[in-house]
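Following: one structure in structure tokens, then a few remarks.
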Amino acid sequence: MSRSGDVINYSLRPRKNIERKILCDIIRSMSYFGRLDEYRYLGFGSFYYQDFIMFHKEFSIKEAISFEKDNRGYLKNNDALDQVLKYLKNRWIDFIEPYYLDEIDSVVIDIKNGSASKEDVIESGQLHKLTENIANSITEEIRSIDVRKFELNMQKLEIFDFSFVRLANSISLPLKEVVFLELSNMISNIDELQSIKDEIATSEEKDNRDFNDKKGTIISEIIKMLTEIATNRYLYNKPYGFIKLSFGEMQNALNCINWNKGLKNIIWLDYDDFLDNSMLDCLEKVVVKSSKGSLIIFSSSIGNNADERYTKLKENFQETHRIGKKIEKKMCDNKEIFKTVYNIVNNVVRAAISEKNNYVPDESPQFIYNQVLNCQYTDGTVMYTYAIFISDNEDNTDDQRYPINILKQYEWYTPGEEKFVIDMPVLTGKEINLINCFLPDNNIEAIKKHLPYVPEAEIKKYLKIYKYYPYYFDAAYCV
């Protein structure tokens, strides 16, 4: 969301890679609630889309939305309006239907025979009516563009929820102003107006075929122009056609998507900034909106400086219920900050579940949340990740397929305040291969006999995460 993809290659972060694989194990356990290929994934794809690629390959998820705050990739209606107006200022004449010849001819005759001055024509209703007719015909042409004829070009525009009907409605009034100003200027130069009249007359003699060809060319050029506005790095790198893109503020985006009660979601709010209220507003919203069986993951930076943490926490949470107590400096030191962030995030989720249950009839099952991950890792900066899934109080928690019963076997499973630290061991490839020979028994004493010169702490780090350990190879990118 903060364009960290410009400076960080997400595919080459080893601890992040491990985290993704842990999340895959969590997602597998969600099969208790239904088919995984029917889930929808909502996340922050950046330019790399690593999560989207992994979750599609692992679970055949084929409905997804990537949220990007980057406004440089956002086709705003105002941008489209400005570009189309600028274009039509020079091309509106080519959009005039041949039958407007009589109206323009009437203006030319009136001025030439002296029955009306240029000023009279400009100020009279005659010019205003001509302007309105021409502008209305142009906007109607834009409104009625058949997008099916431009399928390939329109794919990008549709991502931005673009509509030619909305564009035509928006352009109607400013286009009238453009045409009126241009016609007024032309009347001041009667020879130019005469040449326009002659050109339209020639088009009429050609049985409208040239005019229709020209009109089609103009429409194609407008679509091409708007497509170029919409093109950006996110679109270029999008790995699958089913991924939709949403540009702009996350809170607004969440208000615009479909929260069908029957649709289960995997949502990863994967921020790389330190905690703030806007992030927690989004977390609260997705908890309230998500259906039973949904998995919600929240990540943020812990930050590296205690003073900066203290300042930011006071700015964001001093007067809110989310922190639950007065903010003190000791809460922000390296020893306590993880617990502080955990308590804030967990308070938000608890409050959101309570709000969610306010809309549930008394006789219906009440929603509950189950925490499955509370972890920390460092890839350049200290990161925090928290994950829950939503169920209700009528689920059979004794069922061996229930997610908790599957996940509690893993060392990283953290249902409370205790954290799991994703740490990379300092080992050579040869040392790793030897340790693998003793797995999955985790016999540290036997391993130490063969590797007496390797610190025991490094061996233990590897044993915790060996199933998720990333391997990298030099390979040429395919293009």
Legend entry - Scan of region 437-455 for residues that are closer than 22 Å to VAL421 by Cα, over 45 Å from the mean Cα position of the chain (by Cα) and either assigned to a helix (DSSP H, G or I) or acidic (Asp, Glu) (or both), ordered by number: ILE444
Inset, instruction - Please indicate, with yes or no, whether at least one residue in region 430-443 is under 30 Å from ILE302 (Cβ atoms) and open to solvent by 30 Å² or more (accessible area, probe 1.4 Å). - result: yes
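Listed here are the residues, each with its yes/no results for (1) closer than 30 Å to LYS224 by Cα; (2) at pLDDT below 75; (3) open to solvent by 60 Å² or more (accessible area, probe 1.4 Å).
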{"site": "LEU101", "(1), (2), (3)": "yes, yes, no"}
{"site": "VAL121", "(1), (2), (3)": "no, yes, no"}
{"site": "SER124", "(1), (2), (3)": "no, yes, no"}
{"site": "SER137", "(1), (2), (3)": "yes, no, no"}
{"site": "ILE196", "(1), (2), (3)": "yes, yes, no"}
Legend entry - Where a residue in region 325-348 is free of Cβ contacts under 8 Å to residues at least 12 places away in the same chain and its partner, wherever it lies, is basic (Lys, Arg) and open to solvent by 80 Å² or more (accessible area, probe 1.4 Å), with Cβ under 7 Å and at least six apart: GLU336/LYS330
Legend entry - Flag if GLU458 is charged (D, E, K, R) and assigned to a loop (DSSP other than H, G, I, E, B): no
Legend entry - region 299-312, subset outside any strand (DSSP E or B) and in contact (Cβ under 8 Å) with a residue 60 or more places away in the chain, residue surrounded by the fewest Cβ atoms within 10 Å (Cβ to Cβ): ASN304
Legend entry - First in region 168-179 and surrounded by 18 or more Cβ atoms within 10 Å (Cβ to Cβ), second anywhere and part of a helix (DSSP H, G or I) and among the hydroxyl-bearing types (Ser, Thr, Tyr), Cβ under 7 Å, 6 or more apart: ALA168/THR139; ILE171/THR139; LEU175/THR139; LYS176/THR131; VAL179/THR131
Inset, instruction - Tell me which residues, restricted to region 50-71, are crowded, with 21+ Cβ neighbours inside 10 Å and over 11 Å from the mean Cα position of the chain (by Cα). - result: ASP51, PHE52, PHE55, ILE61
Legend entry - Conditions (1) crowded, with 16+ Cβ neighbours inside 10 Å; (2) at pLDDT below 80; (3) closer than 30 Å to ASN17 by Cα: number failed by TRP92: (3)
Inset, instruction - For CYS282, work out the one condition from (1) of a type outside the set (Val, Ile, Thr); (2) within 30 Å of GLU38 (Cβ to Cβ); (3) not in a helix (DSSP H, G or I) it doesn't fulfil. - result: (3)
Legend entry - Selection from region 247-298 of residues that are open to solvent by 30 Å² or more (accessible area, probe 1.4 Å) and among the polar types (S, T, N, Q): GLN251, ASN252, ASN255, ASN258, ASN260, ASN277, SER278
Inset, instruction - Assess whether VAL179 counts as being touching a helix residue (DSSP H, G or I) at 6+ places or on another chain (Cβ under 6 Å), closer than 18 Å to LEU226 by Cβ, modelled with pLDDT of 75 or more and part of a helix (DSSP H, G or I). - result: no
Legend entry - Test: residue in region 313-320 that is open to solvent by 10 Å² or more (accessible area, probe 1.4 Å), assigned to a helix (DSSP H, G or I) and not acidic (Asp, Glu): yes
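The values are calculated or read from the model by the stated rules, or taken from the named source; none is laboratory data. The structure displayed is predicted, hence computed values, not measured ones. In this analysis, Cβ positions are derived from the backbone assuming ideal geometry, glycine residues included, and neighbour counts consider all displayed protein chains. Accessible surface is based on the protein model in full, side chains and every heavy atom, while ligands, DNA and RNA are left aside. Shrake-Rupley method; radii C 1.70, N 1.55, O 1.52, S 1.80 Å.
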